[in-house]
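Data block below; observations after.
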Amino acid sequence: MIEIKDLKKTYNGITVVDIPSLQINKGESIGLVGNNGAGKTTLFRIILDLIRKDSGVVLSKDSNVSDTDTWKDYTGSYLDEGFLIEYLTPEEYFYYIGSLYQVSRADIDVKLEAFTDFFNGEILGKKKYIRDLSKGNQCKVGVVACLMQNPEIIMLDEPFANIDPSTQFRLKNMLKQVAAEGQITSIVSSHDLNHVTDVCKRILLMEKGLIIKDIQTDGNTLEELESYFSVMK
Amino acid sequence: MILSFLQHQWKAFWRSKNTGKSVAVRVVMAFLLLYLFLNVVVVAYFLDEILDELFPLERVLDAFNGILLYYFIFDLLMRFQLQELPTLSVRPYLALRVSRDQIVNYLSVSSLWTGFNLAPVMLTLPFLLKQVLPYHGVGIFWGYLLAIIGLTLFNHFFSLWFKRKVNLNSWFLLAFVAVVAGLGLLDFHWHIISISYVSKLLFTHLYQLPVLAFIPLFMAIAIFFINYKFLKNNLYLDELRSDHSGEKTSTDISFFNKFGVAGQLAATELKLVLRNKRPSSSLKICGLMMFYGLLFYPNPAYGVGFGWKIFAGMFMTGIFIINYGQFMFSWQASHFDGIMAHKIKALDFFKSKLILFYSFSSITYILTIPYVYFGWKVLLVQSAMLLWNLGINTLIVLYFATRNYKRIDLSKGASFNWEGVGASQWILSIPLFTLPFVVYAPFSLLGQSMAGVLCIGFVGLAGMMTRNFWLGLLVKEFSEKRYQIAEGFRNE
């Protein structure tokens, strides 16, 4: 699904991402972990062609993401508030996203109904602009907007960071379900090791731009990661 | 404590993004301020002669008395519009070991440092020194000075208090302007009522009894304490905010639906314009600009030629393109990553801008058609300039937009806001203002000015017809620059 070759990105002489080769297959659920500055967000942005890479290629379904736009048709992503339009109400934003992906308003309404629990009554019909929502609620809007695009790839950068515990559980269940169905490839980054090991079947551990561990999740993964992070200086 | 507050504010000013980082912006800003300052000085120095010219039948001091009240009404109006509330800057101190009184004192005192408070004194002091002090004595001089300072301070604290207390929207302000303008007309033009009479009455009393100057001073002190108390009781984060967030509704602008994705983007951007402080004030400027013609068309000094008409016509039909377009795509800086990562073709993105430009320019064109009252040539020029704006200026503005990497914070007001201003805006103005004249001048020199105007319209039309070709080039340019633009917009 996604293939990365010889990827390199440096800022002011410091290498922030350096990935000689990475293959992500259809239906995989990837968890991306690493301390601040490890290059997780930069990697996301490069895959989404938001920043220029110094060298290498990112292929999505075998086509270079820098040269074509076709990957945008099936890639849903939410990295930060920069993906939201802060002066729209959540409803307007969902309709806007729908209009980009040729989903009608009626269909959007139907889809939104499925997220009633997830929204917990805090998003729809509140008569607020997105900019007046709390960070956690903004995150909910972003994640749902991303899921509504009928994507084949989902990319979320630290979706668990600002949301309340109940929503964390619901989001985890949603992601697990996606992973179990095996149709959608997901890449999720998080600082919460419990969450990623719970949700993702494959963990990529980044340190200073390198992927230093690439492991299939099993019973020992959490322990392995915890021991890595506890000895880090 | 006050000292470190002041120190912080000093740093905040010089390190703020609005101050402008580049040297060029600072130099231009300094020149502008100097120019404004010089204007004030010149006006102030010649105030007595200006008054003599305007009101030849009256004694100078009477005329002066007559306009004072007007000045302070306008002052209040300008303050409502432009004066910023010094609020959010106290946020970090609220939770620290600083007493409330200190914070409120600081807020009140530091707010005094604004041009609005300097201007009245600077404008009137030379007059008072020249006309009042020598002829009417020290007592009356001080009476006037104290009264003017008192009224200034009253206006200052009143506008601060009022702005916090009431949610002033632009309609309210427009109504206020209309009322003042109406009163002015009734007063000066039709002589039905007379504010100047009231003004004269008040200040003549002051002239006779300078002690009365303490009345405005007491008013100022009273409103200071009202404001003080109000601030102290409302020193909470959510209540200090200047914009009261009311209920927001979802709207659907169906007019744009027929243009597909580009239309959706245009509709969303229209919401951007309407729902955010800074772009909506550029919309207000569009409204004001439609009166620009009144400066040029009726005035025989600007001659029978087309030169000034071209200038006026370009501004009136194209002000949105110029004023809003110069900061393109900075308006969308805060969600630019979303625009890039979502399924939006660059061509649709550019088309949406054209839709927006075409709509606004057509509206201003239709609204300025009544200028045909000043002759059919006016309408001809305006039509030609509309075509020019749509065909040429849109493309120029969009080309420069691909070279603009500066982020704009939508929530900040427009007045004296230099965020997002860079070299590209200055350079942009050159082709914008000169190109129509480059087309027009050769014809004009040959005595064929009419043909020149027609040629402007024709070139504009040609630009419109071939726009897909130019859009293609712009899209190419954009995809080369897209990383740089997105990178710039991410830098807060």
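The values are calculated or read from the model by the stated rules, or taken from the named source; none is laboratory data. Nothing here was measured: the structure is a model prediction, and the numbers come from that model. We place every Cβ from the backbone using ideal geometry, glycine too, and count neighbours over all the protein chains shown. Only protein heavy atoms, including side chains, enter the accessible area calculation; ligands, DNA and RNA are left aside. Shrake-Rupley method; radii C 1.70, N 1.55, O 1.52, S 1.80 Å.
For the reader, a short list of remarks on this structure follows.
- Over all other residues within a Cβ to Cβ distance under 15 Å of A:VAL33, the charged ones net out to -4, with Lys and Arg as +1 and Asp and Glu as -1.
- Modelled this way, with points 7 Å down the Cα-to-C-beta line, the labels at B:ALA12 and B:VAL179 are 3.2 nm from one another.
- Short to long, the 5 Å bins of the Cα pair-distance histogram for segment A:1-60 hold 4, 17, 29, 28, 15, 4, 1, 0 percent of all pairs.
- Rounded to 5, percent antiparallel among DSSP beta bridges of chain A: 55 percent
- Sulfur and carbon atoms: percent of accessible area, the protein assembly as shown [1.4 Å]: 64 percent
- Toward the positive end of the charge dipole of the protein assembly as shown, with +1 on the Cβ of Lys and Arg and -1 on the Cβ of Asp and Glu, the farthest Cα among A:GLY34, A:GLY82, B:ALA175 is that of B:ALA175.
- Förster radius 60 Å - calculated FRET efficiency between B:ILE363 and B:SER110 (Cβ-Cβ, nearest 0.05): 0.90
- Global size of the protein assembly as shown as Cα Rg and Dmax, reported in angstrom: 30.7, 99
- Protein-only accessible surface order, largest first, of B:LEU153, B:LEU395 at 1.4 Å: B:LEU153, B:LEU395
- Solvent accessible area, Å² - B:ILE430, 1.4 Å probe, full protein context: 100 Å²
- Between 0 and 90 degrees, the angle of helix B:260-275 with respect to the longest Cα principal axis of chain B falls at about 10 degrees.
- Diagonalising the gyration tensor over the Cα atoms of chain B and scaling each eigenvalue by 5 before taking the square root yields semi-axes of 44, 33, 20 Å, largest first.
- Of all DSSP beta bridges confined to the protein assembly as shown, the antiparallel ones make up roughly 55%.
- Once divided by 2.2 N^0.38 Å, the Cα radius of gyration of segment B:258-380 becomes 1.25.
- Whether segment B:257-490 is rounded, prolate or oblate, judged on the alpha carbon gyration tensor where a/c under 1.5 counts as rounded: prolate
- With Cα atoms, 0 to 90° folded angle of helix A:165-181 axis to chain A main axis: 70 degrees
- Convex hull volume of the C-alpha atoms in segment B:22-240, normalised per residue: 163 Å³.
- Exposure check, 1.4 Å probe, all protein chains in place: B:GLU49 carries approximately 100 Å² of accessible surface.
- Per-residue mean of C-beta atoms belonging to partner chains within 10 Å, peptide A:88-101: 5
- Residue-normalised accessible area of segment B:257-490, given per residue in Å² at a 1.4 Å probe: 40 Å²
- Neighbouring partner chain Cβ atoms per residue of B:329-340, average, 10 Å criterion: 5
- Overall, chain A carries a charge dipole of about 320 debye about its Cα centre when +1 sits on the Cβ of Lys and Arg and -1 on the Cβ of Asp and Glu, all other atoms neutral.
- FRET E, pair B:GLN425, B:ILE221, Förster distance 41 Å, beta-carbon r, rounded to 0.05: 0.40
- Segment A:105-198 shape via C-alpha gyration tensor axes, a/c threshold 1.5: oblate
- Contact surface A-B: accessible area buried, both sides summed, square angstrom, 1.4 angstrom probe: 3300 Å²
- 222 nm mean residue ellipticity, helices alone, for chain A (DSSP H n ≥ 4; -39,500 (n - 2.57); rounded to 500): -10000 deg cm²/dmol
- In this structure, the amide hydrogen of A:THR10, modeled 1.01 Å from its nitrogen in the peptide plane, lies closer than 5 angstrom to those of A:VAL16, A:ASP54, counting only residues at least 5 positions away or on a different chain.
- Most to least accessible of A:THR15, B:THR114 (protein chains only, probe 1.4 Å): A:THR15, B:THR114
- Compactness ratio for chain A: Cα radius of gyration over 2.2 N^0.38 Å (N = residue count) comes to 1.01.
- Solvent-accessible heavy-atom area per residue, rounded to whole Å², over segment B:22-240 at 1.4 Å: 57 Å²
- Order of exposure, largest accessible area first, which applies to B:VAL439, A:VAL17, B:VAL179, B:VAL43 with probe 1.4 Å: B:VAL179, B:VAL43, B:VAL439, A:VAL17
- Cα shape, segment B:308-348, gyration tensor, a/c 1.5 rule: prolate
- Förster radius 30 Å - calculated FRET efficiency between A:SER227 and A:ASN36 (Cβ-Cβ, nearest 0.05): 0.95
- Relative intensity, log₁₀ I(q)/I(0), of segment B:359-470 from a Debye sum that treats every alpha carbon as a point, q = 0.09, 0.11, 0.12 Å⁻¹: -0.32, -0.47, -0.55
- A cut-off under 15 angstrom between Cβ atoms defines the neighbours of B:PHE141, and their net charge, with Lys, Arg +1 and Asp, Glu -1, is 0.
- Compared with the dominant Cα axis of chain B, that is its longest principal axis, helix B:195-208 is turned about 30°.
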